[in-house]
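Heads up, the thing below is written out as C-alpha cells.
None of the figures in this text is laboratory data; all of them are computed from the coordinates on show. In this text the structure is predicted, and so the values were computed from the model without any measurement. Backbone-built Cβ (ideal geometry, glycine too); neighbour counts: all protein chains shown.
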Amino acid sequence: MTPDRWIVTVFGLLVIAFIIWFFWLKKPKGTRAAITRSGYQEAMILVKGGYTPDVIVVEHGKPVRLNFRREETASCSEMVLFPDFNKSARLPTGETVAVEFLPEKPGEYEFACQMGMLRGKLIVE
C-alpha cells in the first residue's frame, strides 16, 4: 500500500471513530436548574427545532418548574409530554408555559413532543 493510501485510510478511520463518539458515546452534561426563592428548581427551555437546553439536571424531592418558550410554528412542537410524571402541556407560539412536578426518585426521565421527534432528558440526582 502506498503512503497516500495509508494516510487516507487512517484519516477515514479517525473520522469514523469521531462520529461514533459524537453520536453514541458522548454523554451530555446538562444544565442545572436554578433554585428560586419559592423553593422551585427552575429552568427556561427554548423550543425551536428542538429543546435548548435538552438536558436538565435537578435534585429529587424538590419541586421542579420548567418554563417552555416556543419560538416556532411547526405542529410537532405544539405539545410537550412527560410520560413518567403523567404531565403534558400545550405550547402556544410566543408564550412561556410552565410545567410543574415533583421528582421523587433519582433517575433519567425523557420528555418529548407528541410525535417523539423533539426529545429532551431530565436527570434527577
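Points worth noting:
- Residues of segment 17-36 that turn out to be surrounded by 10 or more Cβ atoms within 10 Å (Cβ to Cβ) and either in a helix (DSSP H, G or I) or among the β-branched types (Val, Ile, Thr) (or both), as a count: 8
- Residue within segment 73-90 that is outside any helix (DSSP H, G or I), out of contact with any strand residue (DSSP E or B) (no Cβ under 7 Å at 6 or more places or on another chain) and not hydroxyl-bearing (Ser, Thr, Tyr) present: yes
- Pair list, Cβ under 6 Å, 6 or more apart: segment 79-108 residue touching a residue at least 24 places away in the same chain (Cβ under 8 Å) and surrounded by fewer than 17 Cβ atoms within 10 Å (Cβ to Cβ), other residue acidic (Asp, Glu) and assigned to a loop (DSSP other than H, G, I, E, B): PRO106/GLU125
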